[in-house]
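Report on the structure given below.
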Amino acid sequence: MKIIAAGFCFALAAAALPLSGPAGAEPVPPLAARSELDAFLWPGTEPPRRLDQHGDRLRPESLRDRLVVVSFVHADCTIACAVRVLDLDKLAQALPAPLRERVTFLSIGTDPARDDPARLRAFAEGLVGKTTRLRFLDSDAASTAALAAALRYPPAALPEPPPTILVFDRTGRMAMAYGGDPLDGPRLLQDLTLLETFENGIGRPARGEARDPA
């Protein structure tokens, strides 16, 4: 697994504009106040209502002060994609207990025309079982296009998901991006363990913690 970026910032159009969804939608904070993670998951002026494979809505507040690992999937993805999901599930299950409670794994669907929560649930349960710690999220056409643009992923390659894994730190800042298969589980675990020691983003250790000079 190759690290292809660190500290990468997503460019956001009209950054000073407040966000307002359709009538009855969940309120969204002003764009300027959002983290990079929020901007990636809920792009545009009418952010999607992301549901996981159980039909539960993903809410921004559930990701606060957590490490977030983002990958990409669709229910008919190729062997390489399925193996990536299996490897991420294995890593999520094997995390040490204190770290396990601080890391969220999100797999974003890249086939909005077909991958509703029920279909993603069938895929997830068939591949990694009902107890997986991965949350498989549905998408819409606009957010999928924004995702491809942010990753510089050819739209013609969709719905095959990008072979990319993103890690966001506890402030919602994009800390690392990995490209290529297979997943280097030990390296990702090492990076998550290090990032957990930083309370306010990369390079700022939590109180009482000393940064490893290596």
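Remarks
- The lone exception for residue 159 - which of (1) open to solvent by 60 Å² or more (accessible area, probe 1.4 Å); (2) modelled with pLDDT of 90 or more; (3) under 24 Å from residue 83 (Cβ atoms); (4) in a loop (DSSP other than H, G, I, E, B) it fails: (1)
- Leading residue by the ranking (nearest to residue 63 (Cα to Cα)) among those in the stretch 98-116 that are out of contact with any Asp or Glu (no Cβ under 9 Å at 6 or more places or on another chain) and not in a strand (DSSP E or B): 101
- Residue 171 meets all of the listed conditions (1) surrounded by 20 or more Cβ atoms within 10 Å (Cβ to Cβ); (2) of a type in the set (Ser, Thr, Tyr); (3) not in a helix (DSSP H, G or I) but one, namely (1).
- Those residues of the stretch 54-69 which are touching a Ser or Thr at 6+ places or on another chain (Cβ under 9 Å) and under 14 Å from residue 108 (Cα atoms), in sequence order: 68, 69
- Given (1) at pLDDT below 60; (2) open to solvent by 80 Å² or more (accessible area, probe 1.4 Å); (3) of a type in the set (A, V, I, L, M), index of the condition residue 15 fails: (2)
- Residues within the stretch 120-138 that are buried (at least 23 other Cβ atoms within 10 Å of the Cβ) and assigned to a loop (DSSP other than H, G, I, E, B), tallied: 1
- Of the residues making up the stretch 117-138, those that are more than 21 Å from residue 193 (Cβ to Cβ) and in contact with an Asp or Glu (Cβ under 7 Å, 6 or more places away or on another chain) number 8.
- Among the residues here, residue 113 does not qualify as out of contact with any helix residue (DSSP H, G or I) (no Cβ under 9 Å at 6 or more places or on another chain) and either within 15 Å of residue 71 (Cβ to Cβ) or open to solvent by 10 Å² or more (accessible area, probe 1.4 Å) (or both).
- Checked against (1) open to solvent by 70 Å² or more (accessible area, probe 1.4 Å); (2) at pLDDT 95 or above, residue 61 passes all but condition (2).
- Scan of the stretch 65-90 for residues that are surrounded by fewer than 19 Cβ atoms within 10 Å (Cβ to Cβ) and either in contact (Cβ under 8 Å) with a residue 60 or more places away in the chain or of a type in the set (S, T, N, Q) (or both), ordered by number: 65, 66, 76, 78, 80, 83, 90
The values are calculated or read from the model by the stated rules, or taken from the named source; none is laboratory data. This one's a predicted model, so the numbers in the text were calculated from it and none came from an experiment. Don't worry about glycine lacking a Cβ; one is built from the backbone with ideal geometry, like all the others, and counts go over all protein chains shown. Note: areas computed on protein heavy atoms with side chains; ligands, DNA, RNA excluded. Shrake-Rupley method; radii C 1.70, N 1.55, O 1.52, S 1.80 Å.
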